[in-house]
1. If we scan the range 426-447, do we find a residue that is outside any strand (DSSP E or B), under 16 Å from the mean Cα position of the chain (by Cα) and surrounded by fewer than 15 Cβ atoms within 10 Å (Cβ to Cβ)?
2. For residue 487, work out the one condition from (1) within 14 Å of the chain's Cα centre (by Cα); (2) surrounded by 17 or more Cβ atoms within 10 Å (Cβ to Cβ) it doesn't fulfil.
3. Identify the residue in the range 60-81 that is touching an Asp or Glu at 6+ places or on another chain (Cβ under 7 Å) and assigned to a loop (DSSP other than H, G, I, E, B) and, among all such residues, is nearest to residue 103 (Cα to Cα).
4. Keeping to the range 147-165, report how many residues are among the β-branched types (Val, Ile, Thr) and either touching a Lys or Arg at 6+ places or on another chain (Cβ under 7 Å) or loosely packed, with under 11 Cβ neighbours inside 10 Å (or both).
5. Test residue 143 against the criterion of being part of a loop (DSSP other than H, G, I, E, B), of a type outside the set (D, E, K, R), surrounded by 17 or more Cβ atoms within 10 Å (Cβ to Cβ) and modelled with pLDDT under 85, and give yes or no.
6. Select, from 512, 475, the only residue that is over 25 Å from residue 75 (Cβ atoms), touching a strand residue (DSSP E or B) at 6+ places or on another chain (Cβ under 6 Å) and modelled with pLDDT under 95.
7. Considering only residues that are within 43 Å of the chain's Cα centre (by Cα) and in a strand (DSSP E or B), which ones fall in the range 321-353?
8. Based on this model, can you work out whether residue 364 counts as under 29 Å from residue 198 (Cα atoms), touching a residue at least 60 places away in the same chain (Cβ under 8 Å) and of a type in the set (A, V, I, L, M)?
Amino acid sequence: MNNNSDEIVTKSISKGKIGRSMNINFVVRNESGGDWENVVVGIEEQDFTMSKPDAIDGDYVFPFEITENTFKTTTLGTVQAGKEKNASLTARVRADLSEGYYSVPIAIYSKSGDSRQAIAYGEVLIWVTKPGANDKDNDPDRQISFTLGEGQATPYGDYPNVMDFAINMRNSGISEARDVTASMVLSKDSNEFPFAINEGNYDRKYEKIAAGETVSMPYSFAIRSDAYTGYYPLKFEITYRETATGDLQKIEEEFWVHVKNKEKEDASKDFNENDRTKARLVVDSFETIPKDIVAGENFQLILRMKNASSSIGASNILFSLESEKVSDSAVFTTASGSSSVVVNSLGAGEVTELKIDMQSKAGIDQRSYALNIKETYDSPEFKNASETVSIDIPLKQIARLNTGTIEVMPSSMEVGNESNIMFPINNTGRVILYNVTVAFQADSIVPIDTYVGNIKPGETGNVDVMVTGAAATTDDGKVKILITYEDENGIQQEPIEKELNLYVTEPMDYSDMDMDAGNFDDTVDQEPAGIQKYLKFIIPAAAVLAVAAITVVVVKKKKKKASQEEDVDDEIS
């Protein structure tokens with residue numbers, strides 16, 4: 001055991017508010033040369049004298065209220081030699097403290113069952129201040145908030161130029177934010193959102209943002225041709241966690257931009273009669289069969305096109321479909337090869353239904369893709385009119401995951417003991433697995449679940465959990481693993497089942513073992529199950545081997561004594 005702070009490292013000072021809960025963040029570093037197993041950390045329990053803040057120099061002041069939760073430990077699992085793990089504890093700052101720095105005693109333990117062995121001690125320095133009168137946060141336990149565009153001028157863009165700008169986002173709270181995602185809220189309405197939506201995702205993600213830290217979120221947008229000159233608010237939904245394994249929190253913020261394009265027309269000016277000389281063809285409605293399309297599948301598109309004009313008909317109508325492209329390849333193609341449909345005529349207010357067999361492109365991201373419908377038609381006073389309307393067709397991807405090698409250490413344990421289960425979960429699909437949770441169930445263990453978090457495509461989430469034996473195994477030792485996750489809409493999907501082998505036995509009792517006879521004086525009234533049924537062979541065999549070893553030793557001693565007696569006899573004669 002090292003009574004120093006080499007194993008407890010503070011990379012940034014945790015900040016708290018007097019009378020409020022705060023997070024104490026630090027790093028556990030293993031430089032011992034060997035792995036640490038079953039590691040837990042917590043505030044070191046001592047007989048603290050709750051010294052007043054104005055105590056004389058030299059008196060230690062413990063900065064937190066002492067409750068049943070103050071000294072709760074956090075499980076880190078295995079800390080490999082030469083590696084480090086982040087740790088976070090939570091406690092409420094005393095209301096009678098003065099502003100300033102305070103030290104918090106931290107202990108690292110190796111836990112085995114209900115007992116624990118100290119590995120190292122150290123201290124973490126914290127800084128506490130009084131809550132400000134201008135705090136926007138009315139929740140006394142809320143530690144994190146965000147401010148957009150602090151100290152920035154409003155970005156300005158002029159159509160048709162591309163508008164490049166960055167938004168400063170500062171963590172204006174008092175604690176570090178984890179797993180931060182800033183999502184821009186998009187809209188197809190040019191009156192609400194002035195930019196062309198050329199990407200499926202404008203999220204900006206950050207593993208962590210320290211209190212007071214500012215990050216820059218870069219964006220590049222093309223201004224929409226139908227956007228009017230003016231100021232537009234860009235809305236953001238920001239999600240984060242207060243700790244690495246905490247619940248996901250959400251707040252909303254706005255940031256303004258200035259766009260210059262065409263001026264809004266005066267609604268009071270005289271209407272141009274020529275605008276009425278051509279029909280107006282619009283998409284009345286559409287649907288797909290099937291409703292949910294998986295990328296790479298075929299589907300039928302049913303388009304209902306309407307002549308929205310109240311008095312002008314259209315004839316010689318040509319509808320041509322043109323798909324959005326990804327990597328210079330069309331997302332949607334027609335199954336027949338022709339992307340055009342001809343309709344002879346469409347009277348004022350009439351609707352025609354078009355059925356087109358389509359194919360979707362595989363291997364693309366899950367989002368909506370545009371399908372443009374170019375219209376060429378004649379009206380009585382307007383020949384070869386040309387218009388374009390668009391629809392968005394959502395494509396889905398099937399979530400896929402697999403698990404790596406499942407390590408169980410130990411693979412057999414007694415009732416009341418713990419076993420460490422570790423394995424990776426690999427996201428092999430093209431969609432994010434949200435809020436991944438893993439549950440372990442069996443009659444022989446205490447049911448437990450562990451939160452893994454979000455797993456991005458191509459990335460891996462790691463499971464590291466301790467399970468406790470509850471009852472002796474009476475079956476084949478299978479423990480059920482249930483992996484659940486949510487989709488992008490927050491809907492929990494059907495769990496994926498896996499299995500592992502873990503045997504639990506009753507605590508061993510050697511008091512009835514007859515070492516001389518090499519067996520146990522114990523009878524079994526009923527046929528045991530699982531590993532229990534083999535104990536009657538394993539334990540007597542072990543006892544017989546022990547007796548055999550004792551017999552060999554006794555025989556050797558007797559031979560040695562007889563030899564010595566013979567030597568003495570030889571000397572006497």
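1. Among the residues of the range 426-447, at least one is outside any strand (DSSP E or B), under 16 Å from the mean Cα position of the chain (by Cα) and surrounded by fewer than 15 Cβ atoms within 10 Å (Cβ to Cβ), which makes the answer yes.
2. (2) is the only condition that residue 487 fails.
3. 71
4. Summing the residues that are among the β-branched types (Val, Ile, Thr) and either touching a Lys or Arg at 6+ places or on another chain (Cβ under 7 Å) or loosely packed, with under 11 Cβ neighbours inside 10 Å (or both) in the range 147-165 gives 1.
5. Here the answer is yes, as residue 143 does meet what is asked.
6. None of the others qualify; the one that does is 512.
7. 321, 322, 323, 325, 326, 329, 330, 332, 333, 334
8. yes
The values are calculated or read from the model by the stated rules, or taken from the named source; none is laboratory data. None of these values were measured; they are calculated from a predicted model. Cβ atoms come from the backbone with ideal geometry, glycine included; neighbour counts cover every protein chain shown.
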